[in-house]
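Contents: one structure, followed by commentary.
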Amino acid sequence: MLIINNLIFSYTGRKPYILNNLNLHINEGEYVSILGENGSAKSTLIKLILSLLKPISGSIKINTDKIGYVAQRVENFNTQFPITVYEMLKIHLKSLKIKDMKCIDKALDDIGMLNYKYSLMGDMSGGQIQKIFIARALLGNPKLLILDEPSTGIDIASQDEIYSYIKHLNVHFGITVISVEHNLNAALNNSTKICVIKNGEANVYTVDEYSRFLEVANV
Amino acid sequence: MFEYSFMQNALIAGLIISILCPAVGAFLVLKRYSMMGDTLSHASFAGVAIGLVFGYNPIITAFIFTSLCALLIEFLRDYFKKYAELILVIIMTLSIGIAITLISSGKTNANINSFLFGSILTVTKNDLVTVLVLGVISLIVLALLYNKLIYVTFDEDGAKVSGIKIKLINYIFALLVGTTVSVSIRIMGILVVSSMIAMPVAAALQLHKGFNVTFISSIVFGFIAIMTGLFSSYYINSAPGGTIALASVAVLLVVILIKKIGKAY
């Protein structure tokens, strides 16, 4: 599904590189959580995968153009922006050139948010907003779902609902999931693989390997 | 009043800009880039000065120079990502430098006040045709790009991931702002244009509704302010810029008042 070879990146275009010869292979149907310390360039890696940034060198190959993206909520969302849930989903569908507006109802119903169809985005709680952004990412039936810290700023109950829904999409619909995580438990409970970014490189573990690694490190 | 051809010209031009200013303004305000209107009104001042000094139609020269400045602002955004307001200062300095140098050289024959404060009497048939052509083209482009503009304004990264060419959209939008400012200066005046881009939107945001309602309300409030301003300037014999500005403040105050009363009951 995704092959990254010898990826090098820095925001200045010069050394020191924040991603340095990073290699990563993700197979179809996997659920990969990307972990790493603050500033380890996890979100930067996501933006490179999405072509929002250009690498200095290296290659990123994705074998689908059906990609759903859920950005880090606190980073992007302006609660003062006057837009309803329906309006936001409609402009997304139009950008995907999909004419059937009924799939908006289905996407909202699937995530339990149909009652909020005509609510203002700014009037909703953090968890509700995140669910709407996930519903948006799922319009157009993506094969790859990329999330950047989906539980940031969200209460525990909503976090559980969101993770179980993402897991459901991965297991029952075979959607490949790449999720930047600061939530270690969510990563261990849901992922098929864990990718740790350290010193600009990616180390990939199975969940069992990473659990043992944590035990040895006494975390 | 309606039997005078100058008043007919002013009303037709006023109708076009009362739709165009708030329509472009809605996106500009929500991008948190309201001051771009102010900067481009200074650019239009330089454009008018160039036209008057070198003997060309000042609205056309304002359109060309303002559009170039709008494109330059968009181009420089890549170089001053975290200091977007600094770009506006750079363009404003360049424009005001050109305008003051040319006008103070004494080579402008026309009354510069009519461009600063707006004018009903001086809207010629030629001006009207220019405003109509540029205004209608801008409205058509805006209608065609409406959904993409909302997406780019609300969530630039999301729009890019879903396949929208955000650079192209941003450049076209910059041109739309430039055009809006240059076609509006004849009626409203250079000093008032930027207010009319932002004030109707400020009033519409008070309604706390979705994008479509906010957008349409901005146009309705803009229409009320500009028409009220034009009629009152005719009756009190003043420049329309001032009365339009006052009417737009009045519209905002009325909307806030109605909202307060609505909440109280």
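Annotations
- Residue, nearest to the other protein chains (Cβ to nearest Cβ), within the stretch B:146-157, restricted to residues that are more than 11 Å from A:I91 (Cα to Cα) and surrounded by fewer than 23 Cβ atoms within 10 Å (Cβ to Cβ): B:D157
- Given (1) buried (at least 19 other Cβ atoms within 10 Å of the Cβ); (2) part of a helix (DSSP H, G or I); (3) among the hydroxyl-bearing types (S, T, Y), number of the condition A:S33 does not satisfy: (2)
- Selection status of A:I104, among the aliphatic types (A, V, I, L, M), more than 12 Å from chain B (Cβ to nearest Cβ) and touching a residue at least 24 places away in the same chain (Cβ under 8 Å): yes
- Any hit, the stretch A:191-200, residues being at pLDDT below 90 and β-branched (V, I, T): no
- Screening the stretch B:198-227 for residues that are in contact with a Ser or Thr (Cβ under 7 Å, 6 or more places away or on another chain) and crowded, with 24+ Cβ neighbours inside 10 Å and picking the one that is farthest from the other protein chains (Cβ to nearest Cβ) gives B:I226.
- Among (1) free of Cβ contacts under 8 Å to residues at least 60 places away in the same chain; (2) acidic (D, E); (3) surrounded by 18 or more Cβ atoms within 10 Å (Cβ to Cβ), the one test that A:D160 misses: (3)
Each row is one residue, and each column tells you yes or no for (1) facing chain B (nearest Cβ under 8 Å); (2) in contact with a helix residue (DSSP H, G or I) (Cβ under 9 Å, 6 or more places away or on another chain); (3) of a type in the set (A, V, I, L, M).
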{"site": "A:K61", "(1), (2), (3)": "no, no, no"}
{"site": "A:D65", "(1), (2), (3)": "no, no, no"}
{"site": "A:A71", "(1), (2), (3)": "yes, yes, yes"}
{"site": "A:T79", "(1), (2), (3)": "no, yes, no"}
{"site": "A:M88", "(1), (2), (3)": "yes, yes, yes"}
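- For B:I140: the one exception among (1) without any contact (Cβ under 8 Å) to a residue 40 or more places away in the chain; (2) over 17 Å from the mean Cα position of the chain (by Cα); (3) assigned to a helix (DSSP H, G or I); (4) over 20 Å from B:V249 (Cα atoms): (2)
- With a requirement of 1 or more residues that are touching a Phe, Trp or Tyr at 6+ places or on another chain (Cβ under 6 Å), the helices (runs of 4 or more DSSP H) lying completely within the stretch B:161-246 that satisfy it span B:166-188, B:190-205.
- Within the stretch A:86-110, the set of residues being of a type in the set (D, E) and in a loop (DSSP other than H, G, I, E, B) comprises A:D100 only.
- Those residues of the stretch B:25-67 which are more than 16 Å from B:V183 (Cβ to Cβ), assigned to a helix (DSSP H, G or I) and free of Cβ contacts under 8 Å to residues at least 24 places away in the same chain, in sequence order: B:F54
- Count - residues of the stretch A:187-207 that are out of contact with any Asp or Glu (no Cβ under 9 Å at 6 or more places or on another chain) and small (G, A, S): 2
- Test result for A:L45, of a type outside the set (S, T, N, Q) and part of a strand (DSSP E or B): no
The values are calculated or read from the model by the stated rules, or taken from the named source; none is laboratory data. Computed from a predicted model, the values in this text were never measured in an experiment. No Cβ is skipped: glycine too gets one built from the backbone with ideal geometry, and neighbour counts run over all protein chains shown.
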